[in-house]
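J.: Sending over a structure as structure tokens; questions will come in a sec.
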Amino acid sequence: MTENNQTVFGKILRDEIKTDRIYEDEHCIAFKDLQPQAPVHILVIPRLHIASLSEADENQALLLGHLLLVAAKLAKMQGLIAWRTVINTGAEAGQTVFHLHIHVIGGRPLLWPPG
Ligand code: AMP
């Protein structure tokens with residue numbers, strides 16, 4: 001359900017904010033990040049509103065696995081052979097949009113550890 005999801009991603013899911021979807025299926029959509037941190041920077045989000053990974057539960061195990069597999073598929077479709085998948089959880093970890101999302105980042109060397 002997205003009706004009460006007032007986050008920017010809820011608005012994207014309801015098409016109240018336009019974005020170019022590069023992928024969608026019955027469980028999730030994916031689009032390019034507005035402020036890309038690398039040549040490839042995609043966000044994969046579930047249609048279901050889960051505020052963060054911290055809020056996810058066992059009933060969403062299949063969905064979470066699906067999101068990861070979609071992230072890998074899209075990374076490969078973008079021509080990447082190496083990439084980083086990131087889920088920021090909580091404001092102190094950098095989460096700014098409280099609708100679970102997986103960042104897929106690649107196309108340049110990525111340092112570790114992240115800042
Ligand atoms: P996070 O900081 O992990 O919560 O990531 C949120 C991401 O959403 C940031 O990388 C933003 O650049 C991105 N973002 C915010 N608004 C939009 C939008 N309208 N379209 C695409 N990406 C967005």
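The values are calculated or read from the model by the stated rules, or taken from the named source; none is laboratory data. The structure presented is a predicted model; accordingly, all values stated were derived computationally and were not measured. Neighbour counts run over all protein chains shown; Cβ positions are idealised from the backbone, glycine included. The area values use the complete protein model at the heavy-atom level, side chains included, leaving out ligands, DNA and RNA. Shrake-Rupley method; radii C 1.70, N 1.55, O 1.52, S 1.80 Å.
J.: For Leu43, Leu62, write out the residues from largest to smallest accessible area, computed with a 1.4 angstrom probe and no ligands counted.
T.: Leu62, Leu43
J.: Do the sum for the chain: with -39,500 (n - 2.57) for every DSSP H run of n ≥ 4, divided by all residues, what is the mean residue ellipticity at 222 nm, to the nearest 500 deg cm²/dmol?
T.: -6000 deg cm²/dmol
J.: Run the dipole for the chain about the Cα centre, Lys and Arg Cβ at +1, Asp and Glu Cβ at -1, nothing else charged, and hand back the magnitude in debye, nearest 20.
T.: Using only the charged Cβ atoms, the result is roughly 520 debye.
J.: Across the range 8-106, how many lysine pairs, 8 or more positions apart or on different chains, have C-alpha atoms separated by under 19 Å? Please give the number.
T.: Pairs that pass both the separation and distance tests number 4.
J.: Taking 8 Å as the Cα distance limit and 6 or more residues as the minimum spacing, I'd like the relative contact order of the chain as a percentage.
T.: 29
J.: Using the heavy atoms of the protein chains alone and a 1.4 angstrom probe, what is the accessible area of the chain per residue in square angstrom?
T.: Accessible area per residue, the chain: 62 Å².
J.: Using only the heavy atoms of the protein chains and a 1.4 Å probe, how would His66, His101 rank by accessible area, largest first?
T.: His66, His101
J.: Projected area of the chain, taken from the Cα convex hull and averaged over every viewing direction, in nm²?
T.: Taking a quarter of the hull surface, the average projection is 7.3 nm².
J.: OK, next. Roll a 1.4 Å probe over the protein heavy atoms and report the accessible area of Lys76 in Å², nearest 10.
T.: 130
J.: For the ranges 106-113, 87-94, what's the packing order if you count other beta-carbon atoms within 10 Å of each residue, average per peptide, and put the highest first?
T.: For the peptides 106-113, 87-94, the packing ranking is 87-94, 106-113.
J.: What list of ³J(HN,Hα) couplings, whole Hz, do you get for the range 104-115 from phi and the Karplus terms 6.51, -1.76, 1.60, once you set θ to phi - 60° and write x for glycine and proline?
T.: 10, 10, x, x, 8, x, 10, 7, 9, x, x, x
J.: Compute the label zone of Glu55 within the range 1-41: residues whose backbone N is under 13 Å from the point 7 Å along Cα-to-Cβ.
T.: From the range 1-41, the list is 1-11.
J.: How much of the accessible area of the chain, probe 1.4 Å, is carbon plus sulfur, in whole percent?
T.: 56
J.: Quick check: with the 1.4 Å probe, what order do Asp57, Asp20, Asp25 take by accessible area, largest first?
T.: Asp20, Asp57, Asp25
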